Amino acid sequence: MTETPTPPDDTSTSGSQPQGRAQESSQGPSQGPYAPTPPAQDTHASTNLMAVAAFALSVLGCLLAPAALGGVVCGHIARSQIRRSGEAGDSWALAGLILGYLLIALSLAGLLMFGGMMLTMFGIMAFST
């Protein structure tokens with residue numbers, strides 16, 4: 001049987017090999033110009049739970065008016081925490097604030113209209129006798 005010659009070793013520092021190639025081979029495999037990028041790290045900041053609670057309470061305020069007040073309070077607290085800590089969720093808190101203030105304004109307008117109707121009815125009844 002005849003032995004086949006083995007190819008020359010790439011890691012040798014022969015005179016025909018460029019100097020940069022010898023340094024690359026000692027550091028590991030060459031990455032080339034299209035080296036794979038490392039996986040992106042999760043840079044998401046966690047969502048502030050107080051902001052989600054503000055939105056949930058404001059939505060609940062459609063059914064129970066006092067819950068809208070809780071949504072406004074939680075929304076202000078959440079925005080303060082978000083500015084301090086850099087968490088995500090500012091849009092949740094802002095939506096909770098807008099919805100909460102809107103529901104409080106509608107509730108107050110309804111109460112004023114109801115009160116005005118009651119005063120008018122009792123005023124008419126008082127003068128009719």
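Give the shape of segment 49-128 as rounded, prolate or oblate, defined through the alpha-carbon gyration tensor: a ≥ b ≥ c are the square roots of its eigenvalues, a/c under 1.5 means rounded, and otherwise the shape is prolate if a/b is larger than b/c and oblate if not. Prolate is the answer for segment 49-128, as a/c is 1.5 or above and a/b outweighs b/c. Peptides 83-89, 57-63 ordered by packing proxy, namely the average of other Cβ atoms within 10 Å per residue, highest first: 57-63, 83-89.
Bear in mind these aren't lab numbers, they're just calculated from the coordinates by the rules spelled out. Everything quoted here is computed from the prediction, not taken from an experiment. Positions of Cβ are backbone-derived with ideal geometry, glycine not excepted, and every protein chain shown enters the neighbour counts.
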